[in-house]
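The values are calculated or read from the model by the stated rules, or taken from the named source; none is laboratory data. Everything numeric here is computed off the predicted structure, so don't read it as measured data. So basically every Cβ, Gly included, is an ideal-geometry build from the backbone, and we count neighbours across all protein chains shown. Note: areas computed on protein heavy atoms with side chains; ligands, DNA, RNA excluded. Shrake-Rupley method; radii C 1.70, N 1.55, O 1.52, S 1.80 Å.
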Amino acid sequence: MKWIGNALWAALCALVLSWHAPSLAQAPTSDAAATPLQNIHGRQHQSLNGRWNFIIDPYETGYYNYRREPFDATPSGKGGFYDDLAPPQKGELVEYDFDLSPTLKVPGDWNSQAEKLAFYEGTVWMRQVFNAEPKGDKRYFLYFGAVNYQAHVYLNGKKLGTHKGGFTPFQFDVSGKLNKGRNFVVVKVDNMRHQDEIPTVNTDWWNYGGITRDVLLAEVPATYIADYKVQLAKGDLKRIEGFVQLAGAQPRQSVSLSIPEAGIKTTVKTDANGRADFTIPVNKLRYWSPEDPKLYDVEIAAALDTVNDRVGLRTIETRGKDILLNGKSIFLRGISLHDENPLMQGRLRGEGDMRMMLQWARELNANYVRLAHYPHSERMSRLADEMGLLVWAEVPVYWTISWNNPDTYRNAHQQLTDLVVRDKNRASVIIWSIGNETPVSAPRNDFMGRLADTVRALDDTRLVAAALEVHREGKLVVVEDPLADKIDLASFNEYAGWYWSDPTDMLTYRFDIKVDKPVVVSEFGADALGGYHADSATRWSEEYQELLYQNQFTMLTAIPGLRGMTPWILADFRSPRRPHPRYQDFWNRKGLISDTGQKKKAFYALKRFYDQMQQKYR
Ligand code: GCU
């Protein structure tokens, strides 16, 4: 009889827990803090970067018991790899031990740090131990710049929450949850791909797993400056428009805003919700541009909290076929890049890596970069501010997304919102891209249309774009994607000479762009194995890539409304879709710079072209 009782009990548990443990797609995108702190690196903080112990857990043994019930959902909440382990008592069975486990660098993906993790997709547990001296009158936030893909976060053995999305920041309020002295944070990182996620299962980039950006413990006063925006109003060179958002017990305050170099000092009063919107007329400003990337020191001071930032002020808009920066027509001399260091075969880890990539773009005489296909780090946007590079920023709504799944939409919406909230004060960021090469259909048009509305509601001062669909009719390359109505550019990818036609025949084609907006070609290119030389009709050779670029310039400059381009791509990058043993070896070779940092012939062809375009648009 006893086993019948047990079976009934087990069935009951399974029922309760199956209600409790919904599938990944239905899980909320984040039960983290509401609004990430703006400019967290500008706050009092302790870095938790460094070497973290890790445990590879392909069967999620540290999360589920053998009945596939999540430990942290059981009444005791005990049993998972997030518990703090006292040295096991004699005879006690313990099957994991972080102290004895190897380490990985954070920030950093796991694929480039451990041979056995190069192709690994699944769960890895990461643990960091740190000391803290929490003060009673302060608030504390545990902040992650990015974790790919889903994170379950535990502090001192207790669950803080989860987050999904591999490229956007999140944080947990840990006020009152810190010990004086030793603390430990454990993160279950899972980079498994799923159809209903963002991105979905199919991408042309490496699915790097891990805690890929900074981890900080920030300390702020009881009432603090949670968020702010300081930018010029849409298309208005004479007006700063923005807001300050306080959080905490004293929402109603006088907050001063000063930009000393611009002779600006004003005070605003926040309302019962801690919010104050402001408009400040401005006179003589040095407007931010690639030629003069002027950043102003800005100080926002509330009763207990002060934040300093460096902000560029510029306007960006379109008029007919023109893109106007500070009211003047501009040509976007761009290049696409992934958040990857080819020399290390891994995610960009620090400022040095990022500067290297942007410096390479500068050597092309580029004034613009497409940070593809997902939010790159905040540090990258700030470096672009400093180096005077305009930015196309994007969310990974890429190829065949589950358009009809409301949770998938919520996920995309959240990632887009988090990107805009994070980078809204970056002058370099001029374009929000809501997606790439998404096939036309009614559910897709609806999904993407709502994303476009979302981004406009969040920030009306920048342009909205996407890599639209194109198709061919005979010798015509036709752009007539219905999504074009919702965005500000006729932006699209085209691979004349590589995926169709060849570097010579491509000149017999011409574009038919049924969109009366500035044309920005978001991708074109060809693979070339660095150092492989042959005649220009031989695929994979540098000569083939070079000729293709030269003929792309001829084709594209024939388009009357052409106002920019971001050839694909600055450097070779890792891709699981590229197995050719001689030419690819899991690299997409469309880089103008090889995986060893060698500039290919097409690099110089593009530089020459940009030198000419710079003259033309002086
Ligand atoms: C696509 C896509 C890129 C991809 C590229 C290629 O257009 O947007 O992510 O890497 O083409 O095929 O090389």
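Just to be sure I understand the filter: pairs with C-beta atoms under 6 Å, separated by 6 or more residues or on different chains, first member in the stretch 583-612 and on the phi > 0 side of the Ramachandran plot, second member exposed (fewer than 15 other Cβ atoms within 10 Å of the Cβ). Which pairs pass? As it stands, the answer is 597/343, since those pairs meet every condition given.
The single residue among 579, 567 that is farther than 27 Å from residue 327 by Cα and within 15 Å of the ligand (Cβ to nearest atom) turns out to be 579. Would you mind stating whether residue 509 is surrounded by fewer than 21 Cβ atoms within 10 Å (Cβ to Cβ), within 16 Å of the ligand (Cβ to nearest atom) and within 30 Å of residue 587 (Cα to Cα)? So residue 509 fails the test. Scanning the stretch 357-399 for residues that are within 14 Å of the ligand (Cβ to nearest atom) and of a type in the set (Phe, Trp, Tyr) yields 374, 392, 398, 399. Of everything in the stretch 417-441 that is in a loop (DSSP other than H, G, I, E, B) and small (Gly, Ala, Ser), the residue that is most open to solvent (accessible area, probe 1.4 Å) is 441. Is it true that some residue in the stretch 190-198 is basic (Lys, Arg), open to solvent by 10 Å² or more (accessible area, probe 1.4 Å) and more than 17 Å from residue 48 (Cα to Cα)? So far as the stretch 190-198 goes, yes, one or more of its residues are basic (Lys, Arg), open to solvent by 10 Å² or more (accessible area, probe 1.4 Å) and more than 17 Å from residue 48 (Cα to Cα). Restricting the first member to the stretch 490-503 and to residues that are within 10 Å of residue 525 (Cα to Cα), and the second to residues that are near the ligand (Cβ under 10 Å from one of its atoms) and open to solvent by 20 Å² or more (accessible area, probe 1.4 Å), the beta-carbon pairs closer than 9 Å and six or more apart or on different chains are 493/437.
Please work out if residue 534 is in contact with a Ser or Thr (Cβ under 7 Å, 6 or more places away or on another chain), of a type in the set (Gly, Ala, Ser) and surrounded by fewer than 19 Cβ atoms within 10 Å (Cβ to Cβ). If you could, list the steps in order and put the result at the bottom.
Details: in contact with a Ser or Thr (Cβ under 7 Å, 6 or more places away or on another chain): yes; of a type in the set (Gly, Ala, Ser): yes; surrounded by fewer than 19 Cβ atoms within 10 Å (Cβ to Cβ): yes.
Yes.
Number of residues in the stretch 284-305 that are surrounded by fewer than 16 Cβ atoms within 10 Å (Cβ to Cβ) and not in a loop (DSSP other than H, G, I, E, B) equals 2.
Are any residues in the stretch 160-201 farther than 28 Å from residue 394 by Cα, touching a helix residue (DSSP H, G or I) at 6+ places or on another chain (Cβ under 9 Å) and of a type in the set (Val, Ile, Thr), and if so, which ones?
Of the stretch 160-201, the ones farther than 28 Å from residue 394 by Cα are 160, 174-186.
Keeping just the survivors that are touching a helix residue (DSSP H, G or I) at 6+ places or on another chain (Cβ under 9 Å) gives 184, 186.
Within the stretch 160-201, just 186 meets the criteria.
Could you grab me the full set of residues in the stretch 400-441 that are within 15 Å of the ligand (Cβ to nearest atom) and either out of contact with any Lys or Arg (no Cβ under 6 Å at 6 or more places or on another chain) or among the aromatic types (Phe, Trp, Tyr) (or both)? Result: 400, 401, 433, 434, 435, 436, 437, 439. Being within 14 Å of the ligand (Cβ to nearest atom) and free of Cβ contacts under 8 Å to residues at least 24 places away in the same chain, is that true of even one residue in the stretch 520-531? No, the stretch 520-531 contains no residue that is within 14 Å of the ligand (Cβ to nearest atom) and free of Cβ contacts under 8 Å to residues at least 24 places away in the same chain.
Picking from 195, 253, which residue would you name as being touching a residue at least 24 places away in the same chain (Cβ under 8 Å) and within 24 Å of the chain's Cα centre (by Cα)? Working first, answer last.
Details: 253 fails: within 24 Å of the chain's Cα centre (by Cα).
Just one listed residue meets the conditions, 195.
Scanning the stretch 582-606 for residues that are of a type outside the set (S, T, N, Q), assigned to a loop (DSSP other than H, G, I, E, B) and out of contact with any Leu (no Cβ under 7 Å at 6 or more places or on another chain), we see that the one that is nearest to the ligand (Cβ to nearest atom) is 590. Looking across the stretch 347-370 at every residue that is touching a helix residue (DSSP H, G or I) at 6+ places or on another chain (Cβ under 9 Å) and over 21 Å from residue 611 (Cα atoms), the one that is surrounded by the fewest Cβ atoms within 10 Å (Cβ to Cβ) is identified as 351. For the residues 469, 473, 378, 386, the requirement of being acidic (Asp, Glu), touching a residue at least 12 places away in the same chain (Cβ under 8 Å) and out of contact with any Pro (no Cβ under 8 Å at 6 or more places or on another chain) singles out 473.
Looking at residue 488, is it in contact with a strand residue (DSSP E or B) (Cβ under 7 Å, 6 or more places away or on another chain) and under 21 Å from residue 322 (Cβ atoms)? Let's see the steps before the verdict.
Details: in contact with a strand residue (DSSP E or B) (Cβ under 7 Å, 6 or more places away or on another chain): yes; under 21 Å from residue 322 (Cβ atoms): yes.
Yes: the conditions hold for residue 488.
For the stretch 442-450, the criterion of being within 16 Å of the ligand (Cβ to nearest atom), open to solvent by 30 Å² or more (accessible area, probe 1.4 Å) and either outside any helix (DSSP H, G or I) or within 15 Å of residue 199 (Cα to Cα) (or both) is satisfied by no residue at all.
Residues that are within 16 Å of the ligand (Cβ to nearest atom) and open to solvent by 10 Å² or more (accessible area, probe 1.4 Å) within the stretch 206-236 comprise 206, 207, listed in sequence order. Step by step: first the residues of the stretch 71-127, then only those that are among the acidic types (Asp, Glu) and surrounded by fewer than 11 Cβ atoms within 10 Å (Cβ to Cβ), then the one that is nearest to residue 209 (Cα to Cα). Which residue is that? So, considering only residues that are among the acidic types (Asp, Glu) and surrounded by fewer than 11 Cβ atoms within 10 Å (Cβ to Cβ), the one nearest to residue 209 (Cα to Cα) is 115. Could you grab me the full set of residues in the stretch 128-139 that are open to solvent by 20 Å² or more (accessible area, probe 1.4 Å) and not polar (S, T, N, Q)? Within the stretch 128-139, 129, 133, 134, 135, 136, 137, 138, 139 qualify. Among the criteria (1) touching a residue at least 24 places away in the same chain (Cβ under 8 Å); (2) farther than 30 Å from residue 37 by Cβ; (3) of a type outside the set (A, V, I, L, M, F, W, C), the one residue 319 does not fulfil is (1). Which of the residues belonging to the stretch 462-490 are open to solvent by less than 10 Å² (accessible area, probe 1.4 Å) and not in a strand (DSSP E or B)? Residues satisfying the conditions are 462, 481, 483, 484, 487, 489.
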